[in-house]
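Written below as structure tokens is the structure these notes are about.
The values are calculated or read from the model by the stated rules, or taken from the named source; none is laboratory data. Predicted model, so just to flag it, every value in this text is computed and none were measured. Neighbour counts are summed over all protein chains in view; Cβ atoms, including those assigned to glycine, are modelled from backbone coordinates with ideal geometry.
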Amino acid sequence: MAKIKVALVDDHQIVRDGIRSLLTGIDDIEVIIEACDAMCIIERLKIVRPEVPIPDVMIVDISLPEISGIELTKIVTSQYPTIKIVMLSMYTNQEFIFNAIKAGAKGYLPKNITREELLEAIREVYKGNEYFSKDVSNIILKSYLKQVKDPERFDALKDEKLTTRELEILRFVAEGYSNQLIADKLFISVRTVESHKNHIMQKLELTTTVDLVKYALKNKIIDL
């Protein structure tokens, strides 16, 4: 029986170890690649040899250093259309989910899922289906219902076009993280964090950090 070949992309070794442990011993699934960031997996996929197979399913953390999981998904799905992406993230707000789907992800799971749900997600996307956890499916449904009830407000939010990285930084800022802490968490420079914050404020036409917090609360990017 041919096994589903899986690649793991997460910048935390302990997370990769945990996922690999969950998948070890499963008859129809085999982890063939592990990578700590987007460039590592991109370079690995360029190696084309019989003994170096292409993965069928790639489990990707949305928050990766330098190149986000969303951007990686865009690259992989455009260059390697046979690879199915399952996004694994601690973030389950609407913006991240929709950006992942737009990028080409076939699945989206929170990091607190069970082993059984992870296995089901891998098998379903491998077969060509989409798979979203119950919580994620509810968020998608609620967003659709809001769009039906108030399409003008939905279009206004959609037109803001914050990138995944900008949404990530906005969340950290709204939760009270300093620029240095944000930089440390995302493995980027403080200058890059400041640049992103400026772009966010320009796009949203805001002027202060307090305004950013209010925006994040109003749009449920963070919760009280």
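What to note about this one:
- Matching residues, region 184-224, being part of a loop (DSSP other than H, G, I, E, B) and either within 20 Å of the chain's Cα centre (by Cα) or not acidic (Asp, Glu) (or both): 187, 188, 189, 206, 207, 208, 219, 220, 221, 222, 223, 224
- Residue that is modelled with the highest pLDDT, among those in region 79-114 that are assigned to a helix (DSSP H, G or I) and charged (D, E, K, R): 102
- In the condition set (1) touching a strand residue (DSSP E or B) at 6+ places or on another chain (Cβ under 9 Å); (2) surrounded by fewer than 20 Cβ atoms within 10 Å (Cβ to Cβ), residue 100 is compliant with all but (2).
- Residue 54 vs. criteria assigned to a loop (DSSP other than H, G, I, E, B), in the same structural domain as residue 8 (by TED's automatic domain parsing), farther than 12 Å from residue 5 by Cα and over 18 Å from the mean Cα position of the chain (by Cα): no
- Residue 158 satisfies every condition listed in (1) at pLDDT 85 or above; (2) within 19 Å of residue 102 (Cβ to Cβ) except (1).
- Residue match in region 45-61 (condition: under 25 Å from residue 170 (Cα atoms) and touching a Phe, Trp or Tyr at 6+ places or on another chain (Cβ under 7 Å)): no
- Flag: residue 162 matches the condition of being surrounded by 19 or more Cβ atoms within 10 Å (Cβ to Cβ), in contact (Cβ under 8 Å) with a residue 60 or more places away in the chain and either farther than 20 Å from residue 69 by Cα or of a type in the set (A, V, I, L, M) (or both).
- Qualifying residue in region 65-78 (condition: free of Cβ contacts under 8 Å to residues at least 60 places away in the same chain, under 10 Å from the mean Cα position of the chain (by Cα) and assigned to a helix (DSSP H, G or I)): yes
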